[in-house]
Amino acid sequence: MEAGENGIEGLVAAAENGDVDAQFELARHYERLDPPDEEKSHYWDLKAARGGITESQVNVALNYRLGSGVRPDSVLSNLWIIRASVNGHDAARGILASRCMSGSILPRNEREGLHWMSLALVSSDNPRALRDYGMACVEGKVEGKDAADGAAMLQKAAERGLADAQSALAGLYRTGNGVPQVPAQALRWARAAAEGGDADGMIEMHHLYEYGIGVERSEEESARWLARAAEGGSDKARTLLGERLISGTGVGRDVARGLTLVRAAAEDGHPRAQYVLGKLHFDGVVVPRDDEEAYAWFRIAASNGEDEALYHLAGCYLDGLGVPADYDAARSILMRLADDGHHGAMLEVVIMALVPGEGYLRDETVAFKCANLAASAGAQWAPYALGLMAHVGCGCPRSPSRAASWYRRGDEMGCPESQYELASMLERGAAGVPEDGEAALRLLEKSAHGGNAKARARLGMKGDVRVAMEREGFPSRARLLRAVSCKEEPDDPGLESLVRLPGPPMPRNRLH
């Protein structure tokens, strides 16, 4: 029933007599007025919702969520969106799924969210449900589904014009996650999303130009897309652009503006920005060093799910930077991160298991086991550490041949330190490792070009090289030397190698 110029009175009469279709149309009439009459629109939608019109049930839920024509009430909003979902409204099911998955105005419950999301997919006209369920598949949250299944769903949502599905699909084609890595497709979908105003699409364009994927590499064009996304209010873009401005990468260096962008994103709750702000205060290079401020931002970012902030928070607890030292809290954090596969945390757990005192019990078996797990997870430092441990008999029987085997694995992973140690063994020969001067020289050259200072010195190479393994690290690396010094020191490598395990540096470097 439509309300014509002279038909509104009849529509009202029918609505007041309980005609739910009339009630729904009357709600739409008041919604279309200029300006809309939100109170009357909500009143008649509520009548129609109680009469079983699912579209009105969704409208009522959204009114209570947004405060349109009624006082906001999240409980009533949830009740109506649940009722509409139970009654088979696909859009409502998609909304309910998002609320369950995100924890917004409903307790976070991924299993329940995936249930409603799968029901929403009954309709092929629900691109939002396709997108959300597709991403859940990509992230491994749906049993029996993988990234390829998720990509197929994202493709359907992208083809229906959903911008954030287009940007997500572009990311998959750029990285080769779940689909073949196809630069042309990454560019196609990133451009479609970006030109539709999607900030994530603009960020994808930034990545494509940054690395020259599907386009000619251009730092300027990369920065331009990033700036567009930042201007649109994207906290992720503001953080990335802020970091670029602070470092001067691809843009003119502007520390003040960069800090403003990062701080704004941090105060808006963006975890990465909060971590970056903490790191800036921790490093004390572009802002004054402030341990308490660094700790505060690391803690906030960690509570918002930023693993690198949690990693640095452990360092603050270990050294009492900005907070009283708390070894139990540090150990708990590092163990949790190590269980999740964080390579740097695994390294610190290995070191902690080898250092007596400060509440830690020496356990070489635990150290060796954790290093093995790290090697299986692809941590570059792990084969090097295992080689050193096998060479000195730490946590396992002493075996030069086994050490050489681990160093070879490290060489395959491109670890300059493993290459140097293996070159040293091949140069003179060792038990179970025949002498091979030519192979030793090739490894020494690879290690030197990879940045290993010892290898560069042996070859007479000049120049200041920042070597990853020689960046400032935990004092525990120095204590590690004392911890293992009771062992018989082999001719090669020296035990001093153990204090320079390569890996992401923890923030206890300032006590050196």
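Numerical summary
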{"read-out": "Computed E for residue 231/residue 37 - FRET, C-beta separation, R0 35 angstrom, nearest 0.05", "value": "0.50"}
{"read-out": "Rg [Å, one decimal], Dmax [Å, integer] - region 120-203, C-alpha atoms", "value": "11.7, 35"}
{"read-out": "Shape of region 202-320, Cα gyration tensor, a/c cut at 1.5", "value": "prolate"}
{"read-out": "The chain - percent of accessible surface contributed by carbon and sulfur, probe 1.4 Å", "value": "48"}
{"read-out": "For region 309-413, size of Cβ-based charge dipole, Lys and Arg +1, Asp and Glu -1, in debye", "value": "440"}
{"read-out": "Kirkwood-based Rg to Rh ratio, region 265-350, C-alpha trace", "value": "0.97"}
{"read-out": "Rough spin-label spacing in nm, given labels placed 7 Å along Cα→Cβ, for residue 377 and residue 104", "value": "3.2"}
{"read-out": "Cα gyration tensor, region 308-445 - rounded (a/c under 1.5), prolate or oblate", "value": "prolate"}
{"read-out": "Residue-normalised accessible area of region 231-382, given per residue in Å² at a 1.4 Å probe", "value": "43"}
{"read-out": "Largest-first principal axis extents of the Cα set of the chain (Å)", "value": "102, 51, 48"}
{"read-out": "Between helix 400-412 and the chain: long-axis angle, C-alpha atoms, 0 to 90°, nearest 10", "value": "40"}
{"read-out": "Estimated FRET transfer efficiency when R0 is 22 angstrom, pair residue 217-residue 256 (beta carbons, to 0.05)", "value": "0.20"}
{"read-out": "Karplus-derived 3J(HN,Hα), 6.51/-1.76/1.60, for each residue of region 152-168, Hz, glycine and proline x", "value": "5, 5, 4, 4, 5, 5, 5, 5, 8, x, 6, 4, 6, 6, 5, 5, 5"}
{"read-out": "Ranked order, 449, 89 - accessible area, probe 1.4 Å, largest first", "value": "449, 89"}
{"read-out": "Nitroxide proxy distance, nm - points 7 Å out along Cα→Cβ at residue 412 and residue 177", "value": "2.6"}
{"read-out": "Heavy atoms of residue 159: accessible area, 1.4 Å probe, square angstrom to 10", "value": "120"}
{"read-out": "Heavy atoms of residue 47 accessible to a 1.4 Å probe, total area in Å² rounded to 10", "value": "80"}
{"read-out": "Gyration tensor verdict on region 387-441 (Cα atoms; rounded if a/c is under 1.5, prolate if a/b is larger than b/c, oblate otherwise)", "value": "oblate"}
{"read-out": "Helix-only [θ]222 nm of the chain, DSSP H runs n ≥ 4, -39500 (n - 2.57) each, per residue, nearest 500", "value": "-20500 deg cm²/dmol"}
{"read-out": "Residue 369/residue 332 FRET efficiency (R0 22 Å; Cβ-Cβ; nearest 0.05)", "value": "0.75"}
{"read-out": "Helix 437-449 axis, angle to the chain major axis (alpha carbon atoms, nearest 10°)", "value": "50"}
{"read-out": "Percent of C-alpha pairs per 10 Å bin, region 1-129, short to long", "value": "14, 39, 31, 14, 3, 0"}
{"read-out": "Solvent-accessible area of residue 225 with every protein chain in place, 1.4 Å probe, in Å² to the nearest 10", "value": "10"}
{"read-out": "Accessible area (Å², per residue) of region 1-108, counting only protein heavy atoms and a probe of 1.4 Å", "value": "53"}
{"read-out": "Net charge dipole size for the chain [Lys, Arg +1 and Asp, Glu -1 on Cβ; Debye, nearest 20]", "value": "1460"}
{"read-out": "Rounded to 10°, Cα long-axis angle of helix 307-319 versus longest principal axis of the chain", "value": "50"}
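The values are calculated or read from the model by the stated rules, or taken from the named source; none is laboratory data. These numbers come from a predicted model, not from an experiment. Counting neighbours? That spans all protein chains shown, and the Cβs are built from the backbone with ideal geometry, glycine included. We work out accessible area using only protein heavy atoms, side chains counted, and drop any ligands, DNA or RNA first. Shrake-Rupley method; radii C 1.70, N 1.55, O 1.52, S 1.80 Å.
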